[in-house]
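Colleague: Have a look at this one before I ask anything.
Throughout, read-outs are computed from the coordinates displayed, never taken from laboratory work. Note that the coordinates shown come from a computational prediction; the quantities given were computed from them, not determined experimentally.
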Amino acid sequence: MMKVEVIDNDCVSCGLCISTCPDVFEWGDDDKAVAKILDVPSDLEDLAHEAVEECPTGAIKEE
């Protein structure tokens, strides 16, 4: 199972991950992206991986 984590200090709040995969990513209290689920369901893995790859700062870590 794929796991994701947004590194808060690296996030620049561009929102690309949220627009790419809103079922996994959302805005946190500090207006930075957060993963609302850490264990990504198999049907969302492709979109979550796309968000990881497209993050301009590499703030999303994937396991």
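Colleague: What length, rounded to one decimal in nm, is gained on full extension from residue 37 through to residue 9, with 0.36 nm per residue of separation minus their alpha-carbon distance?
Modeller: 8.2 nm
Colleague: Here's something else I'd like to know. Sum -39500 (n - 2.57) across every DSSP H segment of at least 4 residues in the chain, then divide by the residue count to get the 222 nm mean residue ellipticity, nearest 500.
Modeller: Result for the chain: -6000 deg cm²/dmol, rounded to the nearest 500.
Colleague: Over all directions, how big on average is the projection of the convex hull of the alpha-carbon atoms in the chain, in square nanometres?
Modeller: Working: hull surface 14.0 nm².
Average projection, Cα convex hull of the chain: 3.5 nm².
Colleague: Compute the relative contact order of the chain as a whole-number percentage, counting only Cα pairs closer than 8 Å that sit 6 or more residues apart in sequence.
Modeller: 47 percent
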